[in-house]
Amino acid sequence: MAQKVTPMTQDFSKWYNDVVKMAELAEHAPVKGCMVIRPYGYALWENMRDKLDSMIKATGHVNAYFPMLIPESFLQKEAEHVEGFAPELAIVTHGGGKKLEENLVLRPTSETIIYHMFAKWVMSYRDLPILMNQWANVFRWEMRPRLFLRTLEFLWQEGHTAHRNEEEAEAETQTALEMYREFAEDTLAIPVITGEKTETERFAGAVRTYCIEAMMRDGKALQAGTSHMLGQNFAKAFDLQFQDQDGENKYAYNTSWGVSTRLVGAVIMVHGDDDGLILPPKIAPHQIVIVPIYRSDEERALVMEVADKVRAALPDVRIHLDDRDQYKPGWKFAEWEQKGVPLRMEIGPKDVAKGQVVLTQRHDREKEFLPIDDAIAQIPTKLDDLQKALLERARAFRDERTHKIDSYDEFKKRVGDGGFYLAHWDGTKETEAKVKADTKATIRCIPFDTDGEEGVCMVSGKPSKQRVVFARAY
RNA sequence: CGGGGCGUGGCGCAGUCCGGUAGCGCACCUGCUUUGGGAGCAGGGUGUCGUAGGUUCGAAUCCUAUCGCCCCGACCA
């Protein structure tokens, strides 16, 4: 790793690829559209996964695992679902050297197999709700892959639940969505807009789809998580029935919700800068990197003594001591900046002599000289502050690029610059399609958070109950 | 599927037009000097030139076919 990252203003897409590569997060696998997640990238994902997993469990869900191979016929049982996913299925036709009697698909998502199993497990209303989650890989044969954002195989969690009635299912989708919002903002330091997808953007087979939407540094939107109210669509397709208290057999209501390794891409594109990655402390594989500086063995011993003291005093902080002898400090500074470590501690002979250490923040380069004990005492707070600072910085960035707009002519001129555009919409697919055809922008969501202002559609002039979020998206 | 690009030591590339038996930078190994913003010098190892066929005394280079990947668009978490 001795190269520089392409500046994001020069070529955002190249910047992104450079950061992924230079920070050693991932690289292309020999197969088109697939990626190898390298240890540093995987450690980042693990930190994200572990936090979200604990939140999923805290809201009453349990983990399970379903197989990757699904009978092709299962996908065909729900009409919209098969239509939505058929074009991007990877299909296994042979096994053990023989052609299979029935093709198997590599799961693009697991509704079908999970509800097939739920149907076996549910007899009575007393068996409901089922609140389940799985961490898995899924395959979608996308035409245009991009590391982390859209790979043929990706890692995710998918929550799947079954309920007695629509109210309970609806509440569940909201619980999941709120969990995602909290996770994005508190853990990833990514501010998100919560809302409902339009019919066009809805998940194949869902009654309603809710989402969290984030803004990347190039002003484009990224769907960061979705939560679907599936109604009885899948229950009917898979005969997921239960006998209710009143003695009648009824179809259950399902929900499903997921976030994926795409979130790694979101973290890169929300926080990064021209020097590379910037990681929020809560998910950074190394929260602090210690770079020791020394000439002689004697100096080295003195410096390491301080480094050891710091590490011993902060057992709960993820501290990495970069004691590689083959690199000079300057090289290490540059490398850890590319890798986005939130806080760097330099300890050199001069510092040892003064009883101090040097702390440098990655996101704003602020440098401080602190007595060793003060540094130790302040570090936990500093990490919290850095976490908040990143969220606030991202929020300010997004808010500056979020505009109310009423004129379609103006919208057409400006939307290419990036940003979110809050505009009135008449609620029709036709208008949505026209905007997309004219500008490549889509309705990211109908936001929950609205001031209740009514108006007229910027395109058709027909009445509109509220503004929706238009943007170009990944 | 359209448009563009690229396959040559581990990585990034030059060499291809004009055929002559493969080179540069980085990385790596050894030694010495270095270490507070990507160190220096000296020495050293590394290749079925994507694949197949053809032309030729001779092919990384010319011809034909083929495979793969990347980037930009249409489609998508």
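The values are calculated or read from the model by the stated rules, or taken from the named source; none is laboratory data. Keep in mind that this is a model prediction, so the values were computed, not measured. All Cβ positions, even for glycine, are placed from backbone atoms using ideal geometry, and neighbour counts span all protein chains on display. Just so you know, the surface numbers come from the protein's heavy atoms only, side chains and all, with ligands and any DNA or RNA stripped out. Shrake-Rupley method; radii C 1.70, N 1.55, O 1.52, S 1.80 Å.
Overview of values
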| read-out | value |
| --- | --- |
| Relative pair counts by distance (%), Cα atoms of region A:288-382, 10 Å bins | 16, 55, 28, 1 |
| Accessible surface of region A:128-178, 1.4 Å probe, proportion on carbon and sulfur as whole % | 57 |
| Relative contact order, percent, chain A [alpha-carbon distance under 8 Å, six or more residues apart] | 14 |
| Of all accessible heavy-atom area on region A:264-395, the percent that carbon and sulfur account for (1.4 Å) | 50 |
| Base-10 log of normalised Debye intensity for chain A (one unit scatterer per alpha-carbon) at q = 0.08, 0.09, 0.11, 0.12 Å⁻¹ | -0.56, -0.70, -0.97, -1.10 |
| Overall form of region A:13-72 per C-alpha gyration tensor (a/c, 1.5; a/b vs b/c) | oblate |
| Cβ-Cβ FRET estimate between A:Lys236 and A:Gln174, R0 fixed at 22 Å, reported to 0.05 | 0.40 |
| Interatomic Cα distance distribution for region A:402-471, bins of 10 angstrom, percent | 23, 62, 15 |
| At q = 0.13, 0.14 Å⁻¹, base-10 log of I(q)/I(0) for region A:12-271 (Debye sum, equal scatterers on each alpha carbon) | -0.86, -0.99 |
| Whole-Å distance, taken between Cα centres, linking region A:221-269 and region A:21-83 | 16 |
| Farthest positive-ward along region A:1-134 dipole, Cα basis, beta-carbon charges - from A:Asn63, A:Ile113, A:Phe85 | A:Asn63 |
| Dipole magnitude (debye, nearest 20) for chain A, charges at Cβ of Lys, Arg, Asp, Glu | 1200 |
| Helix A:166-182 vs. chain A, principal-axis angle (Cα, 0 to 90°, nearest 10) | 20 |
| Surface accessible to a 1.4 Å probe, A:Lys412 within the full protein complex, Å² | 90 |
| Where labels lie 7 Å past Cα in the beta-carbon direction, separation of A:Lys51 and A:Lys440 in nm | 3.2 |
| R0 of 51 Å, Cβ-Cβ distance A:Asp308-A:Val92: FRET efficiency to nearest 0.05 | 0.45 |
| Additional length obtainable on full extension of the chain from A:Asp246 to A:Glu142, 0.36 nm per residue less Cα span | 32.8 nm |
| Of every Cα-Cα pair in region A:125-201, the percent that sits beyond 20 Å | 54 |
| Spacing of the two label points (7 Å from each Cα toward its C-beta) at A:Lys350 and A:Thr428, in nm | 7.0 |
| Sequence-separation-based contact order of region A:288-382, relative, with Cα cut under 8 Å and 6+ spacing, percent | 31 |
| Simple spin-label estimate for A:Arg324 and A:Asp373 in nanometres, 7 Å along Cα-Cβ | 3.6 |
| Dipole of region A:402-471, positive direction: furthest Cα of A:Pro447, A:Val435, A:Ser460, with charges on the beta-carbon | A:Val435 |
| Probe 1.4 Å, protein heavy atoms only - accessible area per residue of chain A in square angstrom | 44 |
| Exposure of A:Glu102 as accessible area (Å², to 10), given a probe of 1.4 Å and all protein chains | 80 |
